[in-house]
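Asker: Have a look at the structure that comes next, please.
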Amino acid sequence: MEQLTYSDRFWMKWYRMLGLPEELPEPGCSVAESIYKIWTERVSPDKVALVCGGYEMTAKELIDTTNRMASALKSIGMRKGDVVATLIGNGIPVALSVFGSMCANLTWQSMSTLHKLPEIERQLRESGAKTIICYERFLDQIK
């Protein structure tokens, strides 16, 4: 079996295809955050960035909405390193929650909408989440 070099790894091929740098991200910055920062600098604002349920969001809309999400999280008192949990299905709201959390220097905790209340309570307790982003139908249970 042929030995693969580091540059042959699948993620390096994606880095080259996307035009991302191959060096490690700057200290204190996650790989996902580094990719988001580079992506926002290189992608045309009118290019479609997210598609879900027939709705398309351009790169400009994604960046603007992400910045609004980060501002909203900071405005309710979330500080660097605090945990924000999400109890929402897959789709654009998850992307906005993840990117908004990253931009606000928060830790993101995903929770499945398929879990029963005891498991949701355990995850919230163990993660130390200070706030939760959820669908309206979960508000009564979360309260």
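Asker: List the number of the failed condition for ARG68; all other conditions in (1) touching a strand residue (DSSP E or B) at 6+ places or on another chain (Cβ under 9 Å); (2) modelled with pLDDT of 90 or more hold.
Answerer: Failed condition: (1).
Asker: Here's something else I'd like to know. What pairs come up if the first residue lies in the stretch 100-117 and is small (Gly, Ala, Ser), the second is open to solvent by 40 Å² or more (accessible area, probe 1.4 Å) and in a loop (DSSP other than H, G, I, E, B), and their beta carbons are under 9 Å apart, counting only those six or more places apart or on different chains?
Answerer: ALA104/ARG79; ALA104/LYS80
Asker: Checking the condition of a type in the set (Val, Ile, Thr) and open to solvent by less than 40 Å² (accessible area, probe 1.4 Å), which residue from THR107, THR131 passes?
Answerer: Of the residues listed, the single one that is of a type in the set (Val, Ile, Thr) and open to solvent by less than 40 Å² (accessible area, probe 1.4 Å) is THR131.
Asker: Which pairs do you get when a residue that is farther than 10 Å from ALA104 by Cβ, found in the stretch 57-80, comes within reach of a residue that is open to solvent by 90 Å² or more (accessible area, probe 1.4 Å), reach meaning Cβ atoms under 7 angstrom, with the pair 6+ apart or on two chains?
Answerer: Close Cβ pairs (under 7 Å, with a partner that is open to solvent by 90 Å² or more (accessible area, probe 1.4 Å)) amount to THR58/ASP46; THR58/LYS47; ALA59/LYS47; LYS60/ASP46.
Asker: Mind listing just one residue for me: the one in the stretch 118-143 that is in a helix (DSSP H, G or I) and touching a residue at least 24 places away in the same chain (Cβ under 8 Å) and, of those, farthest from the chain's Cα centre (by Cα)?
Answerer: Ranking the qualifying residues of the stretch 118-143, first place goes to GLN141.
Asker: When the residues of the stretch 65-104 are narrowed to those that are of a type in the set (Gly, Ala, Ser) and in a helix (DSSP H, G or I), which ends up most open to solvent (accessible area, probe 1.4 Å)?
Answerer: SER75
Asker: May I ask you to say which residue of SER30, SER34, SER7 is under 18 Å from GLN109 (Cβ atoms) and modelled with pLDDT under 70?
Answerer: SER30
The values are calculated or read from the model by the stated rules, or taken from the named source; none is laboratory data. A quick note: this is a predicted structure, and the numbers were derived from the prediction, not measured. Cβ atoms come from the backbone with ideal geometry, glycine included; neighbour counts cover every protein chain shown. These accessible areas exclude ligands, DNA and RNA; they are computed on the full protein's heavy atoms, side chains included. Shrake-Rupley method; radii C 1.70, N 1.55, O 1.52, S 1.80 Å.
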